[in-house]
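The next block holds one structure in the form of structure tokens; read it before the comments.
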Amino acid sequence: GGANAGNPNVMGGLAGLQGSNALGLANPNNPLAGVHGGMMGMTNEEMLSALQQQRQMMFAANPMFANAASAANMNMGGLAGLGGAGGGNTHTQAAAAAQQQLSYLQQLQAQQQLQAQGMSMGDTEAMGIPGRTADDANTKNSRVNMGYLQQLQAIEKESMSNGPPLAQRPRISNEDGSAGKTAKSMPKTVEAHKILLQKNSTEGNRLRSIYDLSMDELFNLPPIPTDEEYCARLPVPLHNPRMLPGFDKAALQAARFAEIALGALANNQVALALELSNATVMCLRECVEEPVHPSCMFDVARAYFLHGIFRSLRGDMPRYFKYRRVCLTHLNQMDKVAGVESLLAAISFHDSWAYIIHNASEDNLPSIDNIIPPVSGKQQQRGNAGCDKFGLSTELSAIVSNPINQMWIQGPPPIFINNEAPALCRSLDALSCAVRSCCDQANARLKGMAKAMSSGDASSDDAMDKPGGELTTPTTSAVMANQNELCSRNMVLSAFTLLQQHEASTGNVKRNHGHHLIISAMDAFLENSDDDKNGFTDTQIQSLLSACNTVVEHPLLLHLAGPVYHMVSNAAILLSHLLNGIYSNQSEHPNGSGEMESALFEEVLDTFITVRKLLNVHRRKLPVRLRCHGIPRPRMLGLGRGSNGSDSNQPFIDLGETLMCGCRGCQGFVLMACSPCVAAERAQAASAKQEAEIRTENDAIENNRTERGEANEFDKELYNLGAEFDLDDDALLSVLSRIIAT
């Protein structure tokens, strides 16, 4: 202190602020008498900057001040924190911040005077009493530091009481994701599971990994930014994530909760998945009343879509279509944002699954226009090759506002025809179009069978291939108008070529098992099998085995969005037909079957048994309406080695015992060996049986029955938990309906 009394840095800095006072300690009764005179004519921002510079000079000259200020650990962060808070407020708030720092500087200078006096007394006493110099100096310094901390606390209280109103102060979020003092308490599910969003959460990272290996294996959506990354990409970057506004914080949390909710559902942690899904809803409710910031618009749209997928996997299709449309509403407000093509391709592929289970009939869809209005946008604009050829604009707003895309994306694949879109997104969109086209063909074929039955012409085998002539969809119209480009076979080939381009450009870092699985299955479904005596070509058999073996190696792929589970089930049905054909040949010619045919039979049988087990386990976890085929097991006698005459007329796998899927596109795989009359009757019986199972399932849950295949006590608890959380979904959709409508 004594040495600093003559320090030119400190004294010069004080003199510059005090104006007429040459030295800061020249007037002990009024140490800052000249401060206001030296600052006359300065703006509030200049005053604030000058005070900050003065504080830095004093701390550089006297380390004790810096150490004491660090020990105080003020929430405002000293002068720098006050300056940062004041800089973001109004002109009046900046003046208040400058006044607070001026008071703070007065305390520092008063402390410097006390320190100088204390050090002088210590030197005097040290000269008279040897051995007590260090102890006395330390004692007095401790007293000085304690008094200094008390002064800092008083300044903090004064700044909090004299600062701007709470509503005008920036909302500061804690590092654990909770809001600051000005935020209201968090919902119960958010508070309980926010720890799963932390980077060091083992359970949270595990659920996110399951999501990556299941749902995002196919979607390849951009990763959700961390708080630090999001702050850095703002128009005015924030250096402290705790200063992140509450709306942005809630939007990012909603997207993260939506991901791990799907991960928990894939891991069969249903109760946890329901709670995480509710946490997603509560976070979205936190930010729904304010306009969406452009920096987090994509993440909000992603959160709505992923939550919609969660609802659809629970069998709640009406809410899926509502959340899907809310997602499109947000996408309509974006221009060119990284990852938007991936999100649109994901929507298109999951829509193809909705297209299948509703048999491509818009009459079977829920009515949501009066709740979430259709997306409105600018008219179709021509100007690129895709638009000129297919009559469809590839602009984002034109796609999401197209009237034919309001319930599900149909017609020409909008991402595929956009040559500027990423190759992997175009590949997925091409597969979506191929699925819709195959579904339309299956529906037309079954309509032709029904029409032939009503006219008495059902005896002809050609009735299976007769189109009904009554089914015209935008996808069918687009395919018929552009047969060479958009037919199912060519779309699958184009998807495979685009996938190869993507893998070549990325160095095969990711294997893309989901894409390869879908391409192999579609290749087997569309293969022309007229040349083989058993109805299957070598290429078709290889594709079927490849698709099924991929699922055996990666069971989480059954949890992919879209119709992947249905594709694998139909591939298993085709393996059943193949086994029946080989078994029939061996039964008719027990001495004529070669080793190659026997080896093929054993290989196919091993694959079939394994994939059938996986499918049946997965099927039991799904709601009745979403279940695909219940595949029967093989007979235990005569396993491909021939048998007696009574067994030779029986198929190896009796597909007549199959619990058929309610989708017409899937029923055709089971009925491909049946006459048209039998096929039509069994299709009607399958539909009636599914409706009966749905009623039985609902009755079992309501009455808490425990019979085989019905609900138990745990299922009842899950049902009640889901019903409770449905109220929060309805509240969110009600607010969204009001906001979008106005």
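Assorted remarks:
- Test: residue in the range 226-247 that is touching a Lys or Arg at 6+ places or on another chain (Cβ under 9 Å) and among the small types (G, A, S): yes
Quick grid of which residues meet (1) touching a residue at least 12 places away in the same chain (Cβ under 8 Å); (2) among the small types (G, A, S); (3) surrounded by 18 or more Cβ atoms within 10 Å (Cβ to Cβ); (4) under 20 Å from D216 (Cβ atoms):
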| residue | (1), (2), (3), (4) |
| --- | --- |
| S543 | yes, yes, yes, no |
| M567 | yes, no, yes, yes |
| G581 | yes, yes, yes, no |
| Q586 | yes, no, yes, no |
| M596 | no, no, no, no |
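- Test for M464: is it at pLDDT below 90, part of a helix (DSSP H, G or I) and surrounded by fewer than 21 Cβ atoms within 10 Å (Cβ to Cβ): yes
- Hits in the range 472-503 - residues which are of a type in the set (S, T, Y), at pLDDT below 95 and in a helix (DSSP H, G or I): T475, T476, S477, S488
- Single condition M567 does not satisfy, out of (1) assigned to a helix (DSSP H, G or I); (2) at pLDDT below 95: (2)
- Exactly one residue out of L600, L614, L622 is at pLDDT 85 or above, hydrophobic (A, V, I, L, M, F, W, C) and surrounded by fewer than 16 Cβ atoms within 10 Å (Cβ to Cβ), and it is L622.
- Applying a threshold of 8 Å to beta carbon distances and a minimum spacing of six or more residues, or different chains, the list of pairs starting in the range 283-307 at a residue that is closer than 15 Å to K322 by Cα and ending at one that is of a type in the set (D, E, K, R) reads Y304/R324; F305/R324; L306/E259.
- Of the residues making up the range 716-729, those that are open to solvent by less than 70 Å² (accessible area, probe 1.4 Å) and among the acidic types (D, E) number 3.
- Evaluating S643 against the criteria (1) among the polar types (S, T, N, Q); (2) part of a helix (DSSP H, G or I); (3) at pLDDT below 75 leaves one unmet condition, (2).
- Subset tally (residues that are more than 27 Å from the chain's Cα centre (by Cα) and assigned to a loop (DSSP other than H, G, I, E, B)) for the range 348-366: 2
- For first residues located in the range 626-638 and modelled with pLDDT under 90, partners that are part of a loop (DSSP other than H, G, I, E, B) and of a type in the set (A, V, I, L, M, F, W, C) and lie 6+ apart or on another chain with Cβ distances below 8 Å form the pairs R635/F652; R635/I653; G638/F652.
- Entry remark, the range 233-251: residues being open to solvent by less than 30 Å² (accessible area, probe 1.4 Å) and either farther than 22 Å from H193 by Cα or under 20 Å from the mean Cα position of the chain (by Cα) (or both) number 7 in total.
- Test: residue in the range 338-347 that is among the aliphatic types (A, V, I, L, M), open to solvent by 10 Å² or more (accessible area, probe 1.4 Å), modelled with pLDDT under 90 and within 17 Å of the chain's Cα centre (by Cα): yes
- Among residues of the range 213-232, those that are open to solvent by 70 Å² or more (accessible area, probe 1.4 Å), closer than 19 Å to L343 by Cα and either of a type outside the set (A, V, I, L, M, F, W, C) or over 15 Å from the mean Cα position of the chain (by Cα) (or both), counted: 1
- Contact annotation: residue pairs with Cβ atoms under 7 Å, 6 or more positions apart or on different chains, pairing a residue in the range 221-249 that is in a helix (DSSP H, G or I) with a partner that is basic (K, R), are G246/R171.
- Listed by first and then second residue, the pairs with beta-carbon distance under 9 Å, at least 6 apart or on different chains, first residue in the range 489-505 and farther than 14 Å from E527 by Cβ, second surrounded by fewer than 17 Cβ atoms within 10 Å (Cβ to Cβ) and of a type in the set (K, R), are E503/K510; E503/R511.
The values are calculated or read from the model by the stated rules, or taken from the named source; none is laboratory data. Given the structure is predicted, the values throughout are model-derived calculations rather than measurements. Every residue, glycine as well, gets a Cβ built from its backbone with ideal geometry; the counts of neighbours run over all protein chains shown. Surface accessibility is based on the protein's heavy atoms, side chains included, excluding ligands, DNA and RNA. Shrake-Rupley method; radii C 1.70, N 1.55, O 1.52, S 1.80 Å.
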